[in-house]
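Right, one structure below, let's go through it.
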Amino acid sequence: MVAAEPREFSGVLRRARETRAVRLGAHWARSANLAGNEVLLVTNGAGRRRAAAAVEAARSIGFAPGTIASVGFCGALAPELGVGDVVVADKAVEGAETYRTSPASGGGRFWTGGLITVDHVARTIEEKGLLGATGAMVVDMEAAGVAERAQGMGVPFVGVKAVTDLAGETLENDFQRVLRPDGHFDTIGILESGLRKPLTRIPELIRLGWRCARAARALGVFFADCRF
């Protein structure tokens, strides 16, 4: 299971057993038992290239997965999606490339729909509208990199995402501007940017923190009873 940041796995870890740290060539990794399955959770920062490298890092220690999943937060493109809604990808798209996905089900209510990967944070209503016109329900920055590696390995790919920002809203904070080369967001840069327009940007940061926690809990509920 590959995500950009450890907090995307916080809900999953609450429902896992026998969790232990794993050393490999990625930012963060844990092995655990989840719903009777041995799982390897890896994060390596935002972006398809870093997500693909996370899969390669897992291969380097001899981990042989039955399924490879791109997991974490996403932006909604479909107006019917709400904060914390879980979407299981029925296709993963990047540009002209479409990757096969395998069916999955889990605990709680979830949607099934298209997932599109872009190389930046999709901020505006206008851009989300254009991306949604492709037929995708949600957008992220990592899934295509994971799907590409899974396809090359001949391993089933699953995309499971939880919504943190909605189709009908523009993010006031420009997170792309504070994304470091290591794939992580510069916390000081985010706060400095927020203080330039504190009446809109600071409340949004607080709201996003709450939304991320809600989305992480929803992913935990899903994977506590997951079936691939």
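The values are calculated or read from the model by the stated rules, or taken from the named source; none is laboratory data. If you're wondering where the values come from, they're calculated on a predicted model, not measured in any experiment. Because the Cβ atoms are built from the backbone with ideal geometry, glycine has one as well, and the counts that use them run over all protein chains shown.
Considering (1) modelled with pLDDT of 95 or more; (2) in contact with a Leu (Cβ under 8 Å, 6 or more places away or on another chain), say which one ALA78 fails and leave the rest. Answer for ALA78: the failing condition is (2). Within the option set SER70, SER10, being among the hydroxyl-bearing types (Ser, Thr, Tyr), buried (at least 21 other Cβ atoms within 10 Å of the Cβ), at pLDDT 95 or above and under 30 Å from LEU131 (Cα atoms) holds for one residue only, SER70. State whether the residues of the stretch 171-191 include one that is surrounded by fewer than 17 Cβ atoms within 10 Å (Cβ to Cβ), touching a residue at least 24 places away in the same chain (Cβ under 8 Å) and either part of a helix (DSSP H, G or I) or among the aliphatic types (A, V, I, L, M) (or both). Within the stretch 171-191, one or more residues are surrounded by fewer than 17 Cβ atoms within 10 Å (Cβ to Cβ), touching a residue at least 24 places away in the same chain (Cβ under 8 Å) and either part of a helix (DSSP H, G or I) or among the aliphatic types (A, V, I, L, M) (or both). A count restricted to the stretch 131-178 and to residues that are among the basic types (Lys, Arg) and within 30 Å of THR200 (Cα to Cα) stands at 2.
Only one of the numbered conditions (1) modelled with pLDDT under 95; (2) closer than 24 Å to THR170 by Cα; (3) not charged (D, E, K, R) is violated by GLY84, and that is (1). Applying the condition of being without any contact (Cβ under 8 Å) to a residue 60 or more places away in the chain and not aromatic (Phe, Trp, Tyr) to the stretch 26-36 and asking which residue is nearest to GLY106 (Cα to Cα) yields GLY36. Of the residues examined, ARG23 is one that is within 23 Å of HIS184 (Cβ to Cβ), free of Cβ contacts under 8 Å to residues at least 40 places away in the same chain and not hydroxyl-bearing (Ser, Thr, Tyr).
Only one of the listed residues (ALA21, ALA35) is over 17 Å from the mean Cα position of the chain (by Cα) and either at pLDDT below 95 or within 17 Å of GLU142 (Cα to Cα) (or both). That residue is ALA35.
Does the stretch 160-170 hold any residues that are part of a strand (DSSP E or B) and of a type in the set (Ser, Thr, Tyr), and which are they? The answer is THR164, and nothing else. Scoring THR134 on the criteria (1) more than 15 Å from GLU94 (Cα to Cα); (2) surrounded by fewer than 21 Cβ atoms within 10 Å (Cβ to Cβ) leaves a single failure, condition (1). The residue list VAL42, VAL55 contains one member that is surrounded by 17 or more Cβ atoms within 10 Å (Cβ to Cβ), over 25 Å from ALA213 (Cβ atoms) and of a type in the set (A, V, I, L, M), which is VAL55. Restricting the stretch 192-228 to residues that are in a helix (DSSP H, G or I) and acidic (Asp, Glu), the residue that is surrounded by the fewest Cβ atoms within 10 Å (Cβ to Cβ) is GLU192.
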